[in-house]
Amino acid sequence: MVDKVDFDVLPGEVFALLGPNGAGKTTTVEILEGVRRRTGGDVRVLGRDPSEDAPSWRARIGVVPQTTGAYLDLTVREVVEHFAAFYPAPLPVAQVIDMVGLTAHQRKQAQHLSGGQLRRLDVAVGVVGDPDLIFLDEPTTGLDPAARREAWDLVRHFADRGKTTVLTTHYLDEVEALAQRAAVIVAGRIVETGPISELGGRKTDRATICFSASGPLDGLPLPPLPPGSEAGGDGPDAGQVVVHTHHPTEVMALLLPWARAAGVRELEGLRIHRPTLEEVYLQLIKNQEKGA
């Protein structure tokens, strides 16, 4: 069940819908796709109510679910040709098969494909109609790293053509690589929506600078730091110094001559870290569950 879910997807963007299992992602997407009836609220997809399921509207939608199903004795080419026939202006079948990397297997029966190859076929089925809006539900599940990158290129290909994509995935590196904005849904409610770089306050969170203060730097006072910066004492390892700051570039400009003056040309173990999308995402979920 979802409650008061509210977000907009902008034309031409890749929009990610994130959340733990059971959060309401599938329910939300199925309502948007017109395959599940909502009990209330107002929904518009490409300017129409998806519950009307008009044929002209349906032709503009592409859906890649977690699994499309088994095709048994049909070959890859026959499967794609079959689904292409449902659309008024599909992409050329050979082009779609090539786009998903199945040209070498187009005469192979689907039942003899590997799990990753079947996933590529699912993607081909979802995009063969040249849709304006594509729903991708866990599109790279079961793919090896190289195949995942090829799937990413396919998403970028459609984005470059001005298509809009709604992506659900548990791979947050995928979200960072592909999406411009995201919504996080927890227990049926949207807890935050925004640009990937700003979710959970990422844009304003302080960076952490960490390095080893061994040798000549051991016990040496740090230079005066910019306003809003503070030294956090020893890091997780003995002899490490941690500085929290909104101005990491400015702090580094002070630390480098400070170290050189002590005869140190390289700050050992230097790391500059900002909160990752995964860290922010997990914290949003944790905060919501605490307040539930």
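Just the residues that are open to solvent by less than 50 Å² (accessible area, probe 1.4 Å) and within 30 Å of Asn21 (Cα to Cα), please, taken from the range 69-81. So that I can check it myself, show each step before the final result.
Pass one, the range 69-81, residues open to solvent by less than 50 Å² (accessible area, probe 1.4 Å): 69, 71, 75-76, 79-80.
Once the filter is applied, which keeps residues that are open to solvent by less than 50 Å² (accessible area, probe 1.4 Å) and within 30 Å of Asn21 (Cα to Cα), the range 69-81 yields Gly69, Tyr71.
Please state which of the following conditions Leu102 fails to meet, knowing it meets all the rest: (1) of a type in the set (A, V, I, L, M, F, W, C); (2) over 19 Å from the mean Cα position of the chain (by Cα); (3) open to solvent by 10 Å² or more (accessible area, probe 1.4 Å).
Checking Leu102 against (1) of a type in the set (A, V, I, L, M, F, W, C); (2) over 19 Å from the mean Cα position of the chain (by Cα); (3) open to solvent by 10 Å² or more (accessible area, probe 1.4 Å), the one that fails is (3).
Go through the range 18-32 and count every residue that is more than 18 Å from Asp132 (Cα to Cα) and either open to solvent by 40 Å² or more (accessible area, probe 1.4 Å) or not in a loop (DSSP other than H, G, I, E, B) (or both).
7
Just to confirm my filter: which strands (runs of 3 or more DSSP E) fall fully inside the range 128-240 and include at least 1 residues that are under 30 Å from Leu118 (Cα atoms), open to solvent by 10 Å² or more (accessible area, probe 1.4 Å) and at pLDDT 85 or above? Write out each step before concluding.
Working: elements: 133-137, 164-168, 181-186, 189-195, 207-212, 230-234.
Answer list for the range 128-240: 133-137, 164-168, 181-186.
Can you tell me which residues in the range 241-284 are modelled with pLDDT under 90, surrounded by 14 or more Cβ atoms within 10 Å (Cβ to Cβ) and either assigned to a strand (DSSP E or B) or charged (D, E, K, R) (or both)?
Once the filter is applied, which keeps residues that are modelled with pLDDT under 90, surrounded by 14 or more Cβ atoms within 10 Å (Cβ to Cβ) and either assigned to a strand (DSSP E or B) or charged (D, E, K, R) (or both), the range 241-284 yields Arg274, Glu279.
If I filter the range 33-45 for residues that are in contact with a strand residue (DSSP E or B) (Cβ under 7 Å, 6 or more places away or on another chain), modelled with pLDDT under 90 and open to solvent by 70 Å² or more (accessible area, probe 1.4 Å), do I get at least one hit?
Within the range 33-45, not a single residue is in contact with a strand residue (DSSP E or B) (Cβ under 7 Å, 6 or more places away or on another chain), modelled with pLDDT under 90 and open to solvent by 70 Å² or more (accessible area, probe 1.4 Å).
Tally up the residues in the range 276-292 that are more than 16 Å from the chain's Cα centre (by Cα) and either closer than 24 Å to Ser212 by Cα or among the polar types (S, T, N, Q) (or both), please.
Count: 3.
Note down all Cβ pairs under 8 Å where the first residue falls in the range 87-108 and is without any contact (Cβ under 8 Å) to a residue 24 or more places away in the chain and closer than 19 Å to Leu72 by Cα, the second is β-branched (Val, Ile, Thr) and crowded, with 16+ Cβ neighbours inside 10 Å, and they're at least six residues apart or on different chains.
Thr103/Ile97
Test Val63 against the stated conditions and say whether it is at pLDDT 90 or above, out of contact with any Gly (no Cβ under 9 Å at 6 or more places or on another chain), surrounded by 12 or more Cβ atoms within 10 Å (Cβ to Cβ) and not acidic (Asp, Glu).
Answer is no for this residue.
Which one is farthest from Glu174 (Cα to Cα), of the residues in the range 8-52 that are in contact (Cβ under 8 Å) with a residue 24 or more places away in the chain and of a type in the set (D, E, K, R)?
Here the residue is Glu33.
Of all residues in the range 80-111, which are of a type in the set (A, V, I, L, M, F, W, C) and touching a Ser or Thr at 6+ places or on another chain (Cβ under 8 Å)?
Ala94, Ile97, Ala110 - these are the residues of the range 80-111 that are of a type in the set (A, V, I, L, M, F, W, C) and touching a Ser or Thr at 6+ places or on another chain (Cβ under 8 Å).
Mind counting the residues in the range 82-99 that are open to solvent by 80 Å² or more (accessible area, probe 1.4 Å) and part of a helix (DSSP H, G or I)?
Count: 2.
Taking the stated definitions as given, is Asp53 open to solvent by less than 50 Å² (accessible area, probe 1.4 Å), under 22 Å from Thr165 (Cβ atoms), over 25 Å from the mean Cα position of the chain (by Cα) and not small (Gly, Ala, Ser)? Explain how you work it out, then say what you get.
On the way: open to solvent by less than 50 Å² (accessible area, probe 1.4 Å): no; under 22 Å from Thr165 (Cβ atoms): yes; over 25 Å from the mean Cα position of the chain (by Cα): yes; not small (Gly, Ala, Ser): yes.
It is false that Asp53 is open to solvent by less than 50 Å² (accessible area, probe 1.4 Å), under 22 Å from Thr165 (Cβ atoms), over 25 Å from the mean Cα position of the chain (by Cα) and not small (Gly, Ala, Ser).
The values are calculated or read from the model by the stated rules, or taken from the named source; none is laboratory data. Just so you know, these numbers come straight off a predicted model, no measurement behind them. Positions of Cβ are backbone-derived with ideal geometry, glycine not excepted, and every protein chain shown enters the neighbour counts. All accessible areas refer to the heavy atoms of the entire protein, side chains included, with ligands and DNA or RNA removed. Shrake-Rupley method; radii C 1.70, N 1.55, O 1.52, S 1.80 Å.
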